[in-house]
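The values are calculated or read from the model by the stated rules, or taken from the named source; none is laboratory data. On a predicted model such as this, the values are computed, not experimentally measured, just so you know. Don't worry about glycine lacking a Cβ; one is built from the backbone with ideal geometry, like all the others, and counts go over all protein chains shown.
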Amino acid sequence: MSVVRQAPAAPKAPVLLRGAISRARVESILARAAAVFALLFAVQTLPAVGVSSQYLSLPFAISIAVVLFGLLLVILVTAAVNGAKTKPTHIAMGIFTVVYTIVLALWPVGLLRGGSELADQPWLWYLITIAMIFADIVFAPRWAALFMVDVTAVYVFIRTQPAGGSAPVALALLDGFYVVLIGAFALATITAIRAAADRVDAAQGTAMEQYTRAARNHAAELERAKVDALVHDTVLSTLIEAARAETPDQRRAAVQMSQAALKTLQSAPVAFDVSVDVPVAQLADRLADAARLLSPRIDFQVMRVDDARVPGAVAEAVFTAAQQALINSLQHAGDDADDVIRTVVLDSDVSSGLTVQISDTGRGFDGSLVPAARLGLRVSIRERMHAVGGRVRVVSVPGGGTSIVIEWEPST
């Protein structure tokens, strides 16, 4: 005798917390935070722009101010508008760092000929930290570190020149050390945050890969269980009924079940397409045909159908579960000669889902006394519906008949 395996429990999908840390989310936060940070520093720079510009040629002073502050405005807008799409913001940040370096190197060229030296550091000093943070975000760590060293060296040199206020070397080096310290801290922090986000992404990717593999294996196991259950529902059940047939009525019932089994096996390859939704009316027609084949005396009723549809996998599970419930009733509830009344009621609604109730007025049974080896109710009915998110309720009283309610509700 073939052994019907129990369908395995469906693997649980990994829980991906909404708003959890990820590389994409980190990049978006960094871009927006840097844009806001740049805006605050730019506002603080405006008074110094007016002071330093009086020592520069007017075209040069206007050009560098318009270009640098214009780029900062572009960065702020792209960070606010694009959200998770950080590429436009990163491009604007990269352009700013390059332009800033060029402007810093050309600063002495823009100084008025014959003009006195600056009384204080150039206003570009207030933007050097912004340029370094942008470089930390846009460039690879090694290139960001190289940019930090190079731009600091250029600034320290200019700071000691008349164009930079002729500051003492010690003061210029102190300013440079301050800038490098902030830039290095920002680079280390950004690198650490990105590394943590990459680890989270890798862990989630591994979890999803494992879940996909488990889901694939689960689908294969369900298919094996379905084939085993189909054999149990048809061939095995028919053989058992034929072996027990003693009276003419029992033999006729065995013949009817054999005919139904043959038709079921023949139609098995063309079951409901699980990839598309199936009209409930089609399910009702197929279930009515199966009921008539099993016993002409089964009363099949359809309450509501309308235009309701259910997933193909649900339709297949409901059909096979209801068919097995009818076979169980024919096998165990009593013969038609015993005046057993069997009823199938199908009801469906677009919002509430689908319900199929199989009832009989036969012998009934005590569920706690059903042997574990009896797989019809446990595997062919309960497990099938559980696999598609449905449920089965069984109400039976010894001597008082049996009612099996198969239910499925659409997920909200």
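One table, with the values for the structure above:
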{"quantity": "Which listed residue is among the hydrophobic types (A, V, I, L, M, F, W, C) and either in contact with a Phe, Trp or Tyr (Cβ under 8 Å, 6 or more places away or on another chain) or closer than 26 Å to P398 by Cα (or both), from A333, A308", "calculated": "A333"}
{"quantity": "Hey, A61 touching a residue at least 24 places away in the same chain (Cβ under 8 Å), in the same structural domain as A34 (by TED's automatic domain parsing) and surrounded by fewer than 16 Cβ atoms within 10 Å (Cβ to Cβ) or not", "calculated": "no"}
{"quantity": "Test: residue in region 66-82 that is modelled with pLDDT under 90 and either outside the structural domain of R199 (by TED's automatic domain parsing) or under 30 Å from T206 (Cβ atoms) (or both)", "calculated": "yes"}
{"quantity": "Given (1) surrounded by fewer than 19 Cβ atoms within 10 Å (Cβ to Cβ); (2) under 14 Å from Q121 (Cβ atoms), index of the condition G176 fails", "calculated": "(1)"}
{"quantity": "Those residues of region 147-167 which are modelled with pLDDT under 85 and small (G, A, S), in sequence order", "calculated": "A163, G164, G165, S166, A167"}
{"quantity": "Test: residue in region 288-295 that is at pLDDT 85 or above and hydroxyl-bearing (S, T, Y)", "calculated": "no"}
{"quantity": "Members of region 38-55 that are farther than 24 Å from I137 by Cβ and of a type in the set (S, T, Y)", "calculated": "S52, S53, Y55"}
{"quantity": "Residue match in region 34-43 (condition: within 18 Å of L106 (Cβ to Cβ), free of Cβ contacts under 8 Å to residues at least 24 places away in the same chain and in a helix (DSSP H, G or I))", "calculated": "no"}
{"quantity": "Count - residues of region 326-361 that are part of a loop (DSSP other than H, G, I, E, B), touching a helix residue (DSSP H, G or I) at 6+ places or on another chain (Cβ under 9 Å) and at pLDDT 85 or above", "calculated": "1"}
{"quantity": "L377 at pLDDT below 80 and farther than 21 Å from V314 by Cα", "calculated": "no"}
{"quantity": "Conditions (1) outside any helix (DSSP H, G or I); (2) crowded, with 18+ Cβ neighbours inside 10 Å: number failed by S166", "calculated": "(2)"}
{"quantity": "Condition check for G183: in the same structural domain as I102 (by TED's automatic domain parsing), crowded, with 19+ Cβ neighbours inside 10 Å, within 43 Å of the chain's Cα centre (by Cα) and not in a loop (DSSP other than H, G, I, E, B)", "calculated": "yes"}
